[in-house]
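K.L.:
Please read through the structure below; I'll follow up with questions.
The values are calculated or read from the model by the stated rules, or taken from the named source; none is laboratory data. This one's a predicted model, so the numbers in the text were calculated from it and none came from an experiment. Cβ atoms come from the backbone with ideal geometry, glycine included; neighbour counts cover every protein chain shown.
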Amino acid sequence: MTPTIPSVRSRLVAALVAFVLGFGLANLAIFTITGPDRVLVLAVAGVLVLTSAWGVLVADSPRPVSVWAVIGAEAFAIFTLVPMLWAVALATGDGTTPTSLWPQAWSGGGFADLADDGALRSAAGLSVSAALLATGVAALPALGLAALLVRTRWRPRHAVRTFAIAAALLPAVALAVGGGDLVLRLGGPFEDSALLRVALVQLAIAVPLTTWVFTAALASAPWNVVDAARVVGAGAVRVLVRVLLPTVGPALLVGLSLAAVVTAQDLALATSVTGPQATTLPVLLLDRARDPSSTALVAAAGICWAAPVAVLALVVPRTITRLLGGSYR
């Protein structure tokens with residue numbers, strides 16, 4: 001597909017918007033903002049003004065570069081980093097409300113209290129264990145369905161994949177009441193084990209999401225090599241070990257990790273099957289957030305909870321992009 005080259009007018013309009021935003025932020029910082037935040041806002045304003053100048057320079061360039069896309073990326077970074085900076089300021093403070101986005105007191109704050117909070121550790125352990133169990137159980141049927149969707153000309157395959165994506169994006173709160181009530185009525189081992197209850201109800205998230213990412217991962221498998229190996233007599237296990245795992249194994253592992261991360265973030269489904277004595281970390285943090293004295297601890301726990309997601313995104317960004325946006329024939 002030939003990339004579309006933005007028009008000169010589009011680039012110039014985007015450059016003008018970037019300049020207006022940068023100029024406005026610079027004036028806001030100079031006349032109304034004091035302290036360290038002034039430097040942060042001026043830095044953002046400087047980036048926008050430089051983007052404006054760059055947009056004018058490339059206005060008639062034949063390269064398929066969009067100034068609007070650059071402005072959008074900058075806006076995304078700003079609206080992502082500002083809440084994170086505020087969370088760090090809360091977590092590292094001395095318990096009082098910060099007066100600046102830039103952390104002022106690096107006393108350890110909430111981070112120092114994390115190790116002594118047994119309830120947080122227990123809730124985090126339950127969240128991780130339940131998410132791993134749910135995604136592990138979902139992996140086998142999801143892998144079989146993904147292979148069917150990719151390998152065959154089965155007519156409903158597009159509808160099934162669309163349904164899997166829709167189910168993965170379905171608000172969990174829509175399933176919380178019905179799904180939670182069904183799990184609680186099962187009794188037996190589910191009555192005494194919060195881990196089994198949470199893992200079972202979270203299958204509603206894990207199965208469609210794992211199917212989605214596995215489908216994208218298997219779409220890049222060398223199926224012609226697999227067919228050739230089967231023709232010469234290679235068994236299913238040998239084909240799996242020698243051909244599929246070396247080529248798509250890493251993508252499947254990343255996809256499973258993504259599914260586990262998203263499942264562990266569930267709030268609504270977990271709330272429906274847990275109680276005060278055994279709850280997941282998102283539920284516990286929401287409950288603690290209502291107490292102003294726990295703000296630093298909650299902020300510190302939230303930052304630590306987000307760290308694995310950030311590491312995964314930094315280590316394998318291309319694989320994640322392909323899995324979440326990939327398609328098949």
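K.L.:
Among (1) at pLDDT below 85; (2) within 30 Å of Leu284 (Cα to Cα); (3) in contact with a helix residue (DSSP H, G or I) (Cβ under 9 Å, 6 or more places away or on another chain), where does Ala119 come up short?
P.N.:
(1)
K.L.:
I'd like the full set of residues that are surrounded by 20 or more Cβ atoms within 10 Å (Cβ to Cβ) and over 25 Å from the mean Cα position of the chain (by Cα), limited to segment 99-127.
P.N.:
Answer for segment 99-127, where residues must be surrounded by 20 or more Cβ atoms within 10 Å (Cβ to Cβ) and over 25 Å from the mean Cα position of the chain (by Cα): just Gly109.
K.L.:
Check Pro98 against each of (1) free of Cβ contacts under 8 Å to residues at least 40 places away in the same chain; (2) assigned to a helix (DSSP H, G or I) and name the one condition it does not meet.
P.N.:
Exception for Pro98: condition (2).
K.L.:
Criterion first (assigned to a helix (DSSP H, G or I) and either outside the structural domain of Ala306 (by TED's automatic domain parsing) or modelled with pLDDT of 90 or more (or both)) does Leu28 satisfy it?
P.N.:
Answer is yes for this residue.
K.L.:
In addition: Please specify each residue of segment 128-162 satisfying the condition of being free of Cβ contacts under 8 Å to residues at least 12 places away in the same chain and more than 18 Å from Leu253 (Cα to Cα).
P.N.:
Passing the criteria: Leu148, Thr152, Arg153, Trp154, Arg155, Pro156, Arg157, His158, Ala159, Thr162.
K.L.:
Another question, if that's okay. Suppose we keep only residues that are out of contact with any Leu (no Cβ under 7 Å at 6 or more places or on another chain) and not in a helix (DSSP H, G or I) within segment 43-62. Which one would you say is nearest to Thr4 (Cα to Cα)?
P.N.:
So, considering only residues that are out of contact with any Leu (no Cβ under 7 Å at 6 or more places or on another chain) and not in a helix (DSSP H, G or I), the one nearest to Thr4 (Cα to Cα) is Pro62.
K.L.:
Could you please find all residues in segment 172-190 being closer than 21 Å to Ala142 by Cβ and not in a helix (DSSP H, G or I)?
P.N.:
If the condition is that a residue be closer than 21 Å to Ala142 by Cβ and not in a helix (DSSP H, G or I), then Ala172 is the only one that fits.
K.L.:
Please pick out the residue among Ala14, Ala45, Ala73, Ala59 that is under 30 Å from Ala299 (Cα atoms), touching a helix residue (DSSP H, G or I) at 6+ places or on another chain (Cβ under 6 Å) and not polar (S, T, N, Q).
P.N.:
Ala45 is the lone residue from the list that is under 30 Å from Ala299 (Cα atoms), touching a helix residue (DSSP H, G or I) at 6+ places or on another chain (Cβ under 6 Å) and not polar (S, T, N, Q).
K.L.:
Identify the single condition in (1) outside any helix (DSSP H, G or I); (2) touching a Ser or Thr at 6+ places or on another chain (Cβ under 7 Å) that Leu149 does not satisfy, given that it satisfies every other one.
P.N.:
Failing condition for Leu149: (1).
K.L.:
Output the residues belonging to segment 184-202 that are among the aliphatic types (A, V, I, L, M) and at pLDDT 85 or above.
P.N.:
Ala194, Leu195, Leu196, Val198, Ala199, Leu200, Val201
K.L.:
Answer yes or no: is there a residue in segment 103-112 that is free of Cβ contacts under 8 Å to residues at least 12 places away in the same chain, out of contact with any Leu (no Cβ under 8 Å at 6 or more places or on another chain) and on the phi < 0 side of the Ramachandran plot.
P.N.:
yes
K.L.:
From the list Ala130, Ala134, Ala75, Ala138, which one is part of a helix (DSSP H, G or I), more than 29 Å from Val198 (Cα to Cα) and under 23 Å from the mean Cα position of the chain (by Cα)?
P.N.:
None of the other options fit; the residue is Ala75.
K.L.:
Out of the helices (runs of 4 or more DSSP H) lying entirely within segment 244-320, which hold 2 or more residues that are assigned by TED's automatic domain parsing to the domain that holds Arg121, farther than 19 Å from Ala206 by Cβ and more than 12 Å from the chain's Cα centre (by Cα)?
P.N.:
Here the list reads 245-264, 281-288, 295-315.
K.L.:
If you check Leu184 against the conditions, is it without any contact (Cβ under 8 Å) to a residue 12 or more places away in the chain and either in the same structural domain as Ala270 (by TED's automatic domain parsing) or within 20 Å of the chain's Cα centre (by Cα) (or both)?
P.N.:
Answer is no for this residue.
K.L.:
Please go through segment 27-61 and give me each residue that is acidic (Asp, Glu) and either loosely packed, with under 12 Cβ neighbours inside 10 Å or closer than 30 Å to Arg9 by Cα (or both), ordered by number.
P.N.:
Scanning segment 27-61 gives a single hit, Asp60.
K.L.:
Also, quick follow-up: Could you identify the single residue in Val20, Val65 that is farther than 21 Å from Pro103 by Cβ, in a loop (DSSP other than H, G, I, E, B) and not acidic (Asp, Glu)?
P.N.:
Val65
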